[in-house]
Amino acid sequence: MDIPDYDKALYYTLWGQWDDLLVLMVRTNDDMLSKKIQNFLHAYHYSLDETKILESHDNLLYYIDHAMKYTPTAIMEV
């Protein structure tokens with residue numbers, strides 16, 4: 001998993017670039033990131049409950065934040 005995947009996920013999520021977020025979901029090696037993106041995009045496109053959409057959006061952002069904090073520094077230096 002490259003750190004740029006987390007940066008891209010954060011950027012695409014904050015700027016509403018859902019097509020790029022979908023491509024990242026398919027290409028990333030981080031299964032948890034992929035699942036969080038999938039849950040958010042599914043809720044965004046199919047859910048009528050705004051709280052479910054906001055909850056999945058927040059879960060995605062929390063996971064990205066968590067993953068970026070605990071990524072080894074050796075990976076970030078590359």
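Scanning the stretch 55-73 for residues that are surrounded by 13 or more Cβ atoms within 10 Å (Cβ to Cβ) and either outside any loop (DSSP other than H, G, I, E, B) or among the small types (Gly, Ala, Ser) (or both) yields Glu55, Ser56, His57, Asn59, Leu60, Leu61, Tyr63, Ile64, Ala67, Met68.
Residue-level check: of (1) surrounded by 15 or more Cβ atoms within 10 Å (Cβ to Cβ); (2) among the polar types (S, T, N, Q); (3) assigned to a loop (DSSP other than H, G, I, E, B), Asn29 misses just (1).
Coordinate-derived values only; no laboratory data. These numbers come from a predicted model, not from an experiment. All Cβ positions, even for glycine, are placed from backbone atoms using ideal geometry, and neighbour counts span all protein chains on display.
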